[in-house]
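Colleague: Take a look at this one; I'll ask things after.
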């Protein structure tokens with residue numbers, strides 16, 4: 001009798017293994033059904049108070065409401081976002097550690113740094129694009145120009161007089177500056193700072209002449225009259241800056257650059273959890289409040305599935321690799337991790 005019972009139990013187990021896929025049971029589904037059971041940590045690889053940090057905290061609060069679980073923002077700045085990004089890459093792939101990724105570490109730094117402590121393709125699973133913001137060329141109030149054409153004339157008649165601040169060596173903003181210089185054959189001094197915050201402070205203090213800044217970062221000071229917008233890196237003028245020409249209008253054709261942020265998870269995070277997060281984020285991005293805030297900053301809200309965000313990232317890496325090569329900037333030494 002015991003022998004027949006053992007045979008029956010083995011047969012039931014074997015059948016269960018074959019029937020589970022038919023019933024829709026697959027690895028990760030049980031984890032996703034209960035997800036999230038504890039607080040989620042969202043790593044922001046930049047200092048608190050910046051544009052990336054603002055969007056991280058806004059999305060974290062909305063995500064917590066939809067998932068009925070706390071979402072804790074962790075600021076881990078260093079080396080243009082590379083240190084925090086590396087930390088996220090090494091996190092456990094269980095959906096409880098996410099990364100607020102951006103164009104620098106994920107699409108530009110692989111080509112401007114000699115080595116990185118992470119691989120943006122191998123180490124991350126794309127979840128959703130949050131927003132993108134075009135670059136705008138802004139000048140300090142002290143610079144005696146009122147237009148981009150006047151700026152170009154001043155740069156040509158006074159080589160080396162003007163400088164531009166950036167988020168650091170190897171940053172997208174440095175690439176933007178060097179492309180502008182090369183296409184117009186201008187002599188502008190590059191002043192690298194440790195992040196967007198210090199660079200913007202330098203511009204406001206008159207320590208730098210110019211900055212190639214995302215609209216979302218530049219507009220608050222522009223609206224207060226603290227700096228002058230000269231050109232936008234878009235195919236057509238922005239509704240929020242109708243009097244500001246595009247770079248093409250002032251003699252720099254094809255100069256269209258955007259800075260973006262998105263949410264990613266460590267590579268082996270279960271797809272069911274990725275789908276849960278993407279759905280919640282899409283709900284957040286489609287709310288009138290978020291749509292309005294992004295539009296007010298001259299940006300565009302993301303609208304991606306994990307697959308289309310992955311395709312977006314591939315296209316961005318291809319594009320920025322060509323831009324980095326064209327800019328001719330020297331590579332930065334390996335970052336710490």
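The values are calculated or read from the model by the stated rules, or taken from the named source; none is laboratory data. What you see is a predicted model; the values in this text were computed from it and never measured. All Cβ positions, glycine included, derive from the backbone under ideal geometry; neighbour counts span all protein chains shown.
Colleague: Going residue by residue through region 85-96, is there one that turns out to be under 30 Å from residue 114 (Cβ atoms) and touching a helix residue (DSSP H, G or I) at 6+ places or on another chain (Cβ under 7 Å)?
Modeller: In the first step, residues of region 85-96 are kept if they are under 30 Å from residue 114 (Cβ atoms); the result is 85-93.
This time we only want the ones that are touching a helix residue (DSSP H, G or I) at 6+ places or on another chain (Cβ under 7 Å), so: 85.
Yes, that holds for at least one residue.
Colleague: Of these, 145, 136, 127, which one is modelled with pLDDT of 95 or more, closer than 18 Å to residue 176 by Cα and in contact with a helix residue (DSSP H, G or I) (Cβ under 6 Å, 6 or more places away or on another chain)?
Modeller: On the way: 145 fails: closer than 18 Å to residue 176 by Cα; 127 fails: closer than 18 Å to residue 176 by Cα.
None of the others qualify; the one that does is 136.
Colleague: Any idea which of 307, 303 is exposed (fewer than 13 other Cβ atoms within 10 Å of the Cβ) and not in a helix (DSSP H, G or I)?
Modeller: On the way: 307 fails: not in a helix (DSSP H, G or I).
When all the criteria are applied, what remains is 303.
Colleague: On the basis of being without any contact (Cβ under 8 Å) to a residue 24 or more places away in the chain and part of a loop (DSSP other than H, G, I, E, B), does residue 144 make the cut? Can you show your working first?
Modeller: Working: without any contact (Cβ under 8 Å) to a residue 24 or more places away in the chain: yes; part of a loop (DSSP other than H, G, I, E, B): yes.
The answer is yes for residue 144.
Colleague: Test of understanding: among 212, 124, 111, which residue is surrounded by 19 or more Cβ atoms within 10 Å (Cβ to Cβ), closer than 20 Å to residue 78 by Cβ and in contact (Cβ under 8 Å) with a residue 40 or more places away in the chain?
Modeller: Working: 212 fails: closer than 20 Å to residue 78 by Cβ; 111 fails: surrounded by 19 or more Cβ atoms within 10 Å (Cβ to Cβ).
Criteria check complete, one pass: 124.
Colleague: Right, another one. Please count how many residues of region 168-197 are crowded, with 17+ Cβ neighbours inside 10 Å and touching a strand residue (DSSP E or B) at 6+ places or on another chain (Cβ under 8 Å).
Modeller: Of the residues in region 168-197, 16 are crowded, with 17+ Cβ neighbours inside 10 Å and touching a strand residue (DSSP E or B) at 6+ places or on another chain (Cβ under 8 Å).
Colleague: Considering each of 274, 294, 290 in turn, give the residue that is in contact with a helix residue (DSSP H, G or I) (Cβ under 7 Å, 6 or more places away or on another chain), assigned to a helix (DSSP H, G or I), within 23 Å of residue 42 (Cα to Cα) and modelled with pLDDT under 95. Outline the logic, then answer.
Modeller: Values: 274 fails: modelled with pLDDT under 95; 294 fails: in contact with a helix residue (DSSP H, G or I) (Cβ under 7 Å, 6 or more places away or on another chain).
290 is the lone residue from the list that is in contact with a helix residue (DSSP H, G or I) (Cβ under 7 Å, 6 or more places away or on another chain), assigned to a helix (DSSP H, G or I), within 23 Å of residue 42 (Cα to Cα) and modelled with pLDDT under 95.
Colleague: Identify all residues within region 202-241 that are over 11 Å from residue 138 (Cβ atoms) and in contact with a strand residue (DSSP E or B) (Cβ under 9 Å, 6 or more places away or on another chain); write none if there are none.
Modeller: 202, 205, 206, 207, 216, 233, 234, 235, 236, 237, 238 - these are the residues of region 202-241 that are over 11 Å from residue 138 (Cβ atoms) and in contact with a strand residue (DSSP E or B) (Cβ under 9 Å, 6 or more places away or on another chain).
Colleague: If we only count helices (runs of 4 or more DSSP H) wholly inside region 1-113, which ones have 1 or more residues that are at pLDDT 90 or above and not assigned by TED's automatic domain parsing to the domain that holds residue 317?
Modeller: Working: elements: 2-22, 29-34, 51-67, 82-89, 109-112.
Correct list: empty, since no element meets the threshold.
Colleague: Grab the strands (runs of 3 or more DSSP E) fully contained in region 153-263, keeping just those with 2 or more residues being farther than 21 Å from residue 45 by Cβ. Even if it seems obvious, please write down each step before you answer.
Modeller: Numbers: elements: 163-166, 189-192, 210-214, 227-232.
Of the strands (runs of 3 or more DSSP E) lying wholly inside region 153-263, those with at least 2 residues that are farther than 21 Å from residue 45 by Cβ span 163-166, 189-192, 227-232.
Colleague: Can you confirm whether region 135-151 contains a residue that is surrounded by 23 or more Cβ atoms within 10 Å (Cβ to Cβ) and more than 20 Å from residue 187 (Cα to Cα)?
Modeller: yes
Colleague: In this structure, is residue 269 crowded, with 24+ Cβ neighbours inside 10 Å, modelled with pLDDT of 95 or more and either out of contact with any strand residue (DSSP E or B) (no Cβ under 7 Å at 6 or more places or on another chain) or outside the structural domain of residue 172 (by TED's automatic domain parsing) (or both)? Please lay out each step first, then the result.
Modeller: Details: crowded, with 24+ Cβ neighbours inside 10 Å: yes; modelled with pLDDT of 95 or more: yes; either out of contact with any strand residue (DSSP E or B) (no Cβ under 7 Å at 6 or more places or on another chain) or outside the structural domain of residue 172 (by TED's automatic domain parsing) (or both): yes.
Answer is yes for this residue.
Colleague: Oh, and also: Conditions: (1) free of Cβ contacts under 8 Å to residues at least 40 places away in the same chain; (2) in the same structural domain as residue 85 (by TED's automatic domain parsing); (3) buried (at least 17 other Cβ atoms within 10 Å of the Cβ). Residue 279 meets all but one. Number of the miss?
Modeller: So the condition that residue 279 fails would be (3).
Colleague: Now, a different point. Quick one: residue 281 ticks every box in (1) touching a strand residue (DSSP E or B) at 6+ places or on another chain (Cβ under 6 Å); (2) modelled with pLDDT under 95; (3) over 30 Å from residue 144 (Cβ atoms) bar one, so which box is it?
Modeller: All conditions pass for residue 281, except number (2).
Colleague: Something else now. Just checking, how many residues over region 237-253 are surrounded by fewer than 20 Cβ atoms within 10 Å (Cβ to Cβ) and out of contact with any helix residue (DSSP H, G or I) (no Cβ under 9 Å at 6 or more places or on another chain)?
Modeller: Here the count works out to 3.
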